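*Asks:* Below are the structure tokens for one structure; questions will follow.
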């Protein structure tokens, strides 16, 4: 059956694969194996229940250091009328864990007895006195661990399907076992394909792509309980790919072919699968990751019954986010099925979206989000949605799934977030929305040592102030220049936050200037040079403080923005502007010196500006933000910031204003 890149709903895709696996007899728990009980067994899945071979403890044991005795012999003992028991006849000393003599049924702690000699006088021989004086009666089985207190012979200790933890190993050993029967770990082959791929550590040239999808997939598989086998990179050649897939299938339960799953001229995965078995699905209505391939291929040799065995194969999209999500959506359920593990349900919380999210109506859309709690509201901020942006998964606190048929979620709308992080981490998150600055990354590093997560969304200074107004952030970074007064931030705060109490804290003064290529080959020295026809500019987005600063000076210099080639092209951070120049997409852009240094560009200083933290007054004194306020006065943090060029730390951490 040929189904070349025809998207079908996710449920249908799963159903086709499941049915094919049922028919092939590989949709159940894998075979078992017996392994020694040692620390390596931790994390393995029990194939058989563990029943106790012996009781634990398997004898009556003293629960503490003391004297074993017959409880009936202590009846009548009081503070005023103590009893003396003869050592060796009526009592005997035991250490913790020692077996009780058959004629005893209780233990008196050593600190509750008085050793005596034959005359009834106190003796200094505690462990072998003539006798002991006791001043209270002891009930039967006091301070004794009776046989079977923990485990009784034949008792069920652990059920089949249990993922073994360190404490489970102790329980298995305690009930008399030295070996355990566990499920065979699924063997998964990962075959990266693509002529453009190069191994990690290679010297790169234009067009080379570092191959790391197999690294991510292998780590996922090993984490979920399988064993991943990464193959060398295979170039785009049908016969070579086919040969390696055949070889990999000999010892594998699942084969993953990475890349080559779309409809391009060198996308061979579908053809390879069809040549070796059956192509079930080519395209799933999921974004990112829709060009997924599902199929069944024949193993090279028949089994002992003469039947040809089949195993599943998955064509994994080449974009890194698509590859990682394909692992979660398709590979993880297979591994759990084969191990006999119960599918894990992710922790879900309800959150309010801070920005509108549109979605293609025909696909299940997996949107990566950052999550923070501001006051009583849990907020989800969408991250970059590009399938090639692996950092969007690194930064993601969770996933919002927008089902097919929905066109998205409006700003302020409720969404269900499947969390990657624990609720405690969300509770300890400081959420900053606003202008980008490199020293915020340093602040995040220092705060991590103080058990605080600092996450920032770069939407520009004005966007940050509006987020504060909506109650969607604890603080905003801002450097908005008022063209009428020459003052920074305060005028904008009065205009946009007239009824929102905030505390304005000085962070840094910093240089803004033109970022240009190394050596400044076009000799760009001022804003006047931006109108030269050979100069291509890259701008910041509307509402960014840098954009406001640029427009202010262009107006003063009577420079028409329409005469600047590239004025309409926007980026959201200083580093993104620097990357555009470094990569040749632009010749220059306005930004900070630290961004120029980071990407080895030259910097033409033009202006000095003030960058403030605008903090919601509601949270300024809060315990959550206390480490941040302390850090702004911390010499170690300040020293780290001074290593960046173009910063003046005078008055860092000082309160400039409390508004309104």
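*Asks:* Just wondering, is there one or more residues in the range 484-491 that are under 20 Å from residue 649 (Cα atoms) and in a loop (DSSP other than H, G, I, E, B)?
*Replies:* Yes, the range 484-491 contains a residue that is under 20 Å from residue 649 (Cα atoms) and in a loop (DSSP other than H, G, I, E, B).
*Asks:* Can you tell which of 111, 79, 118 is exposed (fewer than 13 other Cβ atoms within 10 Å of the Cβ) and outside any loop (DSSP other than H, G, I, E, B)?
*Replies:* Answer to the check: 111.
*Asks:* Please state which of the following conditions residue 327 fails to meet, knowing it meets all the rest: (1) within 19 Å of the chain's Cα centre (by Cα); (2) over 29 Å from residue 211 (Cβ atoms).
*Replies:* Here residue 327 clears every test but (2).
*Asks:* Here's a follow-up. Looking at (1) assigned to a helix (DSSP H, G or I); (2) crowded, with 18+ Cβ neighbours inside 10 Å; (3) over 29 Å from the mean Cα position of the chain (by Cα), which is the only condition residue 652 fails?
*Replies:* (1)
*Asks:* Here is a further query. Check whether at least one residue in the range 413-420 is over 15 Å from residue 353 (Cα atoms) and modelled with pLDDT of 90 or more, and report yes or no. Reasoning before the result, please.
*Replies:* Here is the first cut: in the range 413-420, the ones over 15 Å from residue 353 (Cα atoms) are 420.
If we keep only those that are modelled with pLDDT of 90 or more too, we end up with 420.
Yes, the range 413-420 contains at least one residue that is over 15 Å from residue 353 (Cα atoms) and modelled with pLDDT of 90 or more.
*Asks:* Still on this model: Going by the structure shown, is residue 341 in a loop (DSSP other than H, G, I, E, B), touching a strand residue (DSSP E or B) at 6+ places or on another chain (Cβ under 9 Å), closer than 28 Å to residue 33 by Cβ and touching a residue at least 60 places away in the same chain (Cβ under 8 Å)?
*Replies:* Details: in a loop (DSSP other than H, G, I, E, B): yes; touching a strand residue (DSSP E or B) at 6+ places or on another chain (Cβ under 9 Å): yes; closer than 28 Å to residue 33 by Cβ: yes; touching a residue at least 60 places away in the same chain (Cβ under 8 Å): yes.
In short, yes.
*Asks:* Condition first: on the phi < 0 side of the Ramachandran plot, within 42 Å of the chain's Cα centre (by Cα) and assigned to a loop (DSSP other than H, G, I, E, B). Can you find one or more residues in the range 547-558 that meet it?
*Replies:* Within the range 547-558, none of the residues are on the phi < 0 side of the Ramachandran plot, within 42 Å of the chain's Cα centre (by Cα) and assigned to a loop (DSSP other than H, G, I, E, B).
*Asks:* Does residue 19 count as under 30 Å from residue 333 (Cα atoms) and modelled with pLDDT of 95 or more?
*Replies:* Yes, satisfied.
*Asks:* Got a sec? Which of 380, 415 is over 15 Å from the mean Cα position of the chain (by Cα), part of a strand (DSSP E or B), without any contact (Cβ under 8 Å) to a residue 60 or more places away in the chain and surrounded by 15 or more Cβ atoms within 10 Å (Cβ to Cβ)?
*Replies:* 380
*Asks:* Go through the range 436-460 residue by residue and tally those that are part of a strand (DSSP E or B) and surrounded by 22 or more Cβ atoms within 10 Å (Cβ to Cβ). Before you say what the answer is, go through the steps one by one.
*Replies:* Keep residues of the range 436-460 that are part of a strand (DSSP E or B), which gives 453-458.
Still in the list and also surrounded by 22 or more Cβ atoms within 10 Å (Cβ to Cβ): 454, 456-458.
Total satisfying the criteria: 4.
*Asks:* Among the numbered criteria (1) assigned to a loop (DSSP other than H, G, I, E, B); (2) touching a helix residue (DSSP H, G or I) at 6+ places or on another chain (Cβ under 7 Å), which single criterion is violated by residue 577?
*Replies:* So residue 577 meets the others, but not (1).
*Asks:* Looking at the range 526-557 only, could you name the residues that are touching a residue at least 60 places away in the same chain (Cβ under 8 Å) and over 22 Å from residue 573 (Cα atoms)?
*Replies:* 555 - this is the single residue of the range 526-557 that is touching a residue at least 60 places away in the same chain (Cβ under 8 Å) and over 22 Å from residue 573 (Cα atoms).
*Asks:* Here is a check on your reading of the model: is residue 205 over 24 Å from the mean Cα position of the chain (by Cα), assigned to a loop (DSSP other than H, G, I, E, B) and either surrounded by fewer than 18 Cβ atoms within 10 Å (Cβ to Cβ) or without any contact (Cβ under 8 Å) to a residue 12 or more places away in the chain (or both)? Spell out the reasoning first.
*Replies:* Numbers: over 24 Å from the mean Cα position of the chain (by Cα): yes; assigned to a loop (DSSP other than H, G, I, E, B): yes; either surrounded by fewer than 18 Cβ atoms within 10 Å (Cβ to Cβ) or without any contact (Cβ under 8 Å) to a residue 12 or more places away in the chain (or both): yes.
Taking the combined requirement at face value, the residue satisfies it.
*Asks:* Only one of 433, 401 is assigned to a strand (DSSP E or B), surrounded by fewer than 22 Cβ atoms within 10 Å (Cβ to Cβ), in contact with a strand residue (DSSP E or B) (Cβ under 7 Å, 6 or more places away or on another chain) and not assigned by TED's automatic domain parsing to the domain that holds residue 610. Can you tell me which?
*Replies:* From the options 433, 401, the qualifying one is 401.
*Asks:* Moving on. Give the residues of the range 461-496 that are farther than 23 Å from residue 624 by Cα, surrounded by fewer than 20 Cβ atoms within 10 Å (Cβ to Cβ) and in contact with a helix residue (DSSP H, G or I) (Cβ under 8 Å, 6 or more places away or on another chain), sorted by residue number.
*Replies:* Selection gives 482, 483, 484, 485, 496.
*Asks:* A follow-up question, please. Enumerate the strands (runs of 3 or more DSSP E) found wholly within the range 223-291, keeping only those where 2 or more residues are within 30 Å of the chain's Cα centre (by Cα), surrounded by fewer than 24 Cβ atoms within 10 Å (Cβ to Cβ) and modelled with pLDDT under 90.
*Replies:* none
*Asks:* Within the range 82-108, restricting attention to residues that are part of a strand (DSSP E or B) and over 57 Å from the mean Cα position of the chain (by Cα), which residue is surrounded by the fewest Cβ atoms within 10 Å (Cβ to Cβ)?
*Replies:* That would be 86.
*Asks:* Go through (1) more than 22 Å from residue 660 (Cβ to Cβ); (2) at pLDDT 95 or above; (3) surrounded by fewer than 18 Cβ atoms within 10 Å (Cβ to Cβ) one by one and return the number of the condition residue 501 breaks.
*Replies:* Condition not satisfied by residue 501: (1).
*Asks:* Still on this model: Please indicate, with yes or no, whether at least one residue in the range 33-55 is more than 30 Å from residue 167 (Cα to Cα) and in contact (Cβ under 8 Å) with a residue 40 or more places away in the chain. Write out each step before concluding.
*Replies:* Step one: of the range 33-55, the residues more than 30 Å from residue 167 (Cα to Cα) are none.
Checked against the condition, which is being more than 30 Å from residue 167 (Cα to Cα) and in contact (Cβ under 8 Å) with a residue 40 or more places away in the chain, the range 33-55 yields no hits at all.
The values are calculated or read from the model by the stated rules, or taken from the named source; none is laboratory data. Just so it is clear, the model here is predicted, and its values are computed rather than measured. Virtual Cβ from ideal backbone geometry, glycine too; neighbours counted across all protein chains shown.
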